[in-house]
Every structure is written in C-alpha cells, then in structure tokens.
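Right, one structure below, let's go through it.
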Amino acid sequence: MFLIIKTPKHELKAKCEYGFIKCSEVKVNKVLFDKMCKEGCRNYGKKYCCPPIAPSFKRLAKGYDAMLVVHMYANLDQLEGYGYKDYLKVMLANSCLKSRCEKVMRMLKDKAGGILLGSGACKKCRPCNLTKGLPCKHPDLKRYSLEATGVDCNYLTKKMFNKELLWYKNGKAPGRTAVVYGLLINDKEMKSLKKEIKLIFNKWARSSAW
C-alpha cells in the first residue's frame, strides 16, 4: 500500500507492508544485538529501554501468540534537489516514517492491547532517568525497540516481505530507509486487528492530514 506523508516542505511517498507472524518464528539473538549496540550505539547503558537493560523478546512474548509487524519505507531519491547531505536525507525520511508508524501503532494498541515494540531508542524522556540513577518516569509508556529485545529485524523483513533493510554506510545513503514496528497480540485479537488496520490505512490514503 502506498501512502503520502506531507510535511511543510515535502510530500514523501511511502510504502507500508504488514503481516502476522507467530512469536515462536521470530529470530532472536539478544547476546549478539546487545554486543552490537555496545560497540556502535551511544545509548547503550544510558536508557531503560536500551541494551543491556531491555528484556529479551522471548521474555516479553510470554503469554502472546503472534506479532503484527509493520514495515514502512520510502525511497530517498525523492529528496534529491533540496541540497541535503546524504545523512540528512536518511534522518528526515526516517523521522517522517517513524512518527506516522508510531501513530498508527498506538491506535492499534489502543484497540487490541498487547505490547508495542518500536524502532530506535525510546524518546519519552530526555535525558532518561537512568543517567541520574533514578527510576523510569513513565514505566507504562516506555517503548522498547524490536532490536533492543534481540529481534533480527533484517531477517524479519526478508522473511515476511522479501525486503532487506538497507543502512547508511561510509557517508553514503542507501536507496531507501525504513522503520519496523511490532505489536504482540493473542490469536483472538488477530481477526479484529486485520479489519482495523485496513480501515486505518485506507483512511490515511484518502486524507492529507497525516
């Protein structure tokens, strides 16, 4: 499904794919992703929702049958002609995708309940109280990312949508950027959720308010 994301300066065409996967089929390697985060991310050990504090997906998924996965991406050639450096293209497009996907997933969580897993670090509080040695300010609102819980998002998008995630490397932007969200649910919510997500995306496709 193609959707339009409008900002004051841009009109970004994005594609959204979604599907359901059994929790038992999700590929998880918490040790590996904690190590990768420690070696390459400034948020390691500085946020309650980031490694090494974030719980494993297997622990979070206990009591749930499946996960709704939403994969939203945009081609970066749409941002040619604005004079942006490559890393700014990625940041701009990713920010647009994340804000819209977050909005959709919150609406679905309100309908179905479950546990929402996002993309990237939690930004509810800046700085996170962990850096002050204090408890989380909003334990009911904090957002773990899929990768922080050890989920291999690249494997997930290849398995479900036949799409490999692309990354900014050596100062060069990839052809597209993407966000991946998940919502842990039980089988009984799946049927109603399938109807609800269609309604939401159809409304978005007809509206310019997103």
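The values are calculated or read from the model by the stated rules, or taken from the named source; none is laboratory data. Every value quoted in this text rests on a predicted model; they were computed, and no experiment measured them. Cβ coordinates were reconstructed from backbone atoms using ideal geometry, including for glycine residues, and neighbour counts include every protein chain displayed. Side chains included, ligands, DNA and RNA excluded: accessible areas come from the protein's heavy atoms. Shrake-Rupley method; radii C 1.70, N 1.55, O 1.52, S 1.80 Å.
Looking at the square roots a ≥ b ≥ c of the eigenvalues of the Cα gyration tensor of the stretch 1-82, which shape do they give, rounded for a/c under 1.5, prolate if a/b is larger than b/c, or oblate? Because a/c hits 1.5 or more and a/b fails to exceed b/c, the stretch 1-82 counts as oblate. Computed from the Cα positions only, the extents of the chain along the three principal axes stand at 44, 41, 32 Å, in decreasing order. Taking the Cα centre of the chain as reference, the dipole from Cβ charges on Lys and Arg (+1) and Asp and Glu (-1) amounts to some 440 debye.
A protection proxy built from the mean count of other Cβ atoms within 10 Å ranks the segments 149-158, 30-39, most packed first, as 149-158, 30-39. Once you have a ≥ b ≥ c as the square roots of the Cα gyration tensor eigenvalues for the stretch 96-181, tell me rounded if a/c is under 1.5, and otherwise prolate or oblate according to whether a/b is larger than b/c. Oblate. Considering only GLY120, CYS16, GLY150, the residue lying farthest towards the positive end of the dipole of the chain is GLY120, judged by Cα position with unit charges set on Cβ.
Entry comment: accessible area of the chain is 56 Å² per residue, from protein heavy atoms only and a probe of 1.4 Å.
Taking +1 at the Cβ of each Lys and Arg and -1 at the Cβ of each Asp and Glu, which of CYS49, ASN170, LEU3 sits farthest along the dipole of the chain towards its positive end, judged by Cα position relative to the Cα centre? Result: CYS49.
Shown here for the stretch 44-145: trypsin sites (Lys or Arg not before Pro) in loop regions (DSSP other than H, G, I, E, B) with at most 13 other Cβ atoms within 10 Å, namely LYS62, LYS85, LYS123, LYS137. Computed per residue of the chain from DSSP H runs no shorter than four, each worth -39500 (n - 2.57), the mean residue ellipticity at 222 nm is -11000 deg cm²/dmol. Shown for the chain: the carbon plus sulfur share of the solvent-accessible area, taken with all protein chains present and a 1.4 angstrom probe, equals 50%.
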